[in-house]
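For reference, the structure is listed below as structure tokens.
The values are calculated or read from the model by the stated rules, or taken from the named source; none is laboratory data. Keep in mind that what you see is a predicted model, and the values were worked out from it rather than measured. A quick note on method: Cβ atoms are made from the backbone with ideal geometry, for glycine too, and the neighbour counts reach across all protein chains shown.
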Amino acid sequence: MALTADRDTIKRAGQLTSYPVEVGVRIFAGALVVIDPATGFARPARTAVGDMAVGRASEEADNTAGLAGAINVTVEHGTFRYGNLAADLVTLADVGADCFIVDDEDVARTNGGATRSRAGVVMDVDALGVWVKIQPST
């Protein structure tokens, strides 16, 4: 039913979110985290199609011995520096463009012939890596 008066709509700050972890995986603190579209659970980023990058793990989450969703991982949304794959190098010319997931610590310039999911938007590139803005899709 549509509102007919003011409503105190509760908000979430949006910087931290907790996601249930996929069965049999371990997510290390600092890892790039994705949601696996086949299961709906969080896992470390990997080369795959359809995964949704959601941010950086704020802490380790070891669900190698648990059931799917037995534990949660706290994920921070924002801009983080990840490794730059030398074979598919992101450059300063790519600032503002999407970059793509190689694994839980590296990104690449291209989608690898439609084998990689989107990591986020390139915000900067320096000698140590690629600054990627990661925000879950809405």
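I'm trying to understand the selection: among the residues of segment 104-121, which are under 16 Å from GLN135 (Cα atoms) and either of a type in the set (D, E, K, R) or free of Cβ contacts under 8 Å to residues at least 12 places away in the same chain (or both)?
Kept after step one, since they are under 16 Å from GLN135 (Cα atoms), are these residues of segment 104-121: 104, 107, 117-121.
Answer for segment 104-121, where residues must be under 16 Å from GLN135 (Cα atoms) and either of a type in the set (D, E, K, R) or free of Cβ contacts under 8 Å to residues at least 12 places away in the same chain (or both): ASP104, ARG118.
Residues checked against (1) among the charged types (D, E, K, R); (2) out of contact with any helix residue (DSSP H, G or I) (no Cβ under 8 Å at 6 or more places or on another chain); (3) surrounded by fewer than 19 Cβ atoms within 10 Å (Cβ to Cβ); (4) not assigned by TED's automatic domain parsing to the domain that holds ARG26:
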{"site": "ASP88", "(1), (2), (3), (4)": "yes, yes, yes, yes"}
{"site": "ASP94", "(1), (2), (3), (4)": "yes, yes, yes, yes"}
{"site": "ASP104", "(1), (2), (3), (4)": "yes, yes, no, yes"}
{"site": "ASN111", "(1), (2), (3), (4)": "no, yes, yes, yes"}
{"site": "VAL122", "(1), (2), (3), (4)": "no, no, no, yes"}
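Which of the residues that make up segment 45-80 are farther than 29 Å from GLY96 by Cβ, in contact with a Lys or Arg (Cβ under 6 Å, 6 or more places away or on another chain) and charged (D, E, K, R)?
ASP62
Which condition breaks for ALA42 when tested against (1) over 19 Å from ASP98 (Cα atoms); (2) surrounded by fewer than 19 Cβ atoms within 10 Å (Cβ to Cβ); (3) touching a Pro at 6+ places or on another chain (Cβ under 8 Å)?
Tallying (1) over 19 Å from ASP98 (Cα atoms); (2) surrounded by fewer than 19 Cβ atoms within 10 Å (Cβ to Cβ); (3) touching a Pro at 6+ places or on another chain (Cβ under 8 Å), ALA42 fails exactly one: (2).
So, of the residues in segment 104-138 that are within 19 Å of GLN15 (Cα to Cα) and not in a strand (DSSP E or B), which turns out to be modelled with the highest pLDDT?
First, the residues of segment 104-138 that are within 19 Å of GLN15 (Cα to Cα): 119-123, 131-138.
Applying the additional criterion that residues be not in a strand (DSSP E or B) yields 135-138.
Values: GLN135: 85, PRO136: 80, SER137: 69, THR138: 48.
The selected residue is GLN135.
Go through segment 11-30 and report how many residues are within 20 Å of GLU76 (Cα to Cα) and either touching a Pro at 6+ places or on another chain (Cβ under 9 Å) or part of a loop (DSSP other than H, G, I, E, B) (or both).
In the first step, residues of segment 11-30 are kept if they are within 20 Å of GLU76 (Cα to Cα); the result is 11-22, 25-30.
Now restrict to residues that are either touching a Pro at 6+ places or on another chain (Cβ under 9 Å) or part of a loop (DSSP other than H, G, I, E, B) (or both): 11-15, 17, 22, 25-30.
Summing the residues that are within 20 Å of GLU76 (Cα to Cα) and either touching a Pro at 6+ places or on another chain (Cβ under 9 Å) or part of a loop (DSSP other than H, G, I, E, B) (or both) in segment 11-30 gives 13.
Within segment 17-28, can one find any residue that is touching a residue at least 40 places away in the same chain (Cβ under 8 Å) and on the phi > 0 side of the Ramachandran plot?
Looking only at segment 17-28, we keep the residues that are touching a residue at least 40 places away in the same chain (Cβ under 8 Å), and these are 17-24, 27-28.
Filter again for on the phi > 0 side of the Ramachandran plot, leaving 24.
The answer is yes, given that some residue of segment 17-28 is touching a residue at least 40 places away in the same chain (Cβ under 8 Å) and on the phi > 0 side of the Ramachandran plot.
Residues that are more than 13 Å from the chain's Cα centre (by Cα) and in contact (Cβ under 8 Å) with a residue 40 or more places away in the chain: find the strands (runs of 3 or more DSSP E) completely inside segment 31-103 holding 2 or more of those.
Values: elements: 32-35, 42-44, 52-57, 72-76, 78-84, 98-101.
Qualifying strands (runs of 3 or more DSSP E): 78-84.
From the list ALA65, ALA29, ALA2, pick out the single residue that is surrounded by fewer than 20 Cβ atoms within 10 Å (Cβ to Cβ), modelled with pLDDT under 95 and either aliphatic (A, V, I, L, M) or not assigned by TED's automatic domain parsing to the domain that holds ASP126 (or both).
Values: ALA65 fails: modelled with pLDDT under 95; ALA29 fails: modelled with pLDDT under 95.
After applying the criteria, what remains is ALA2.
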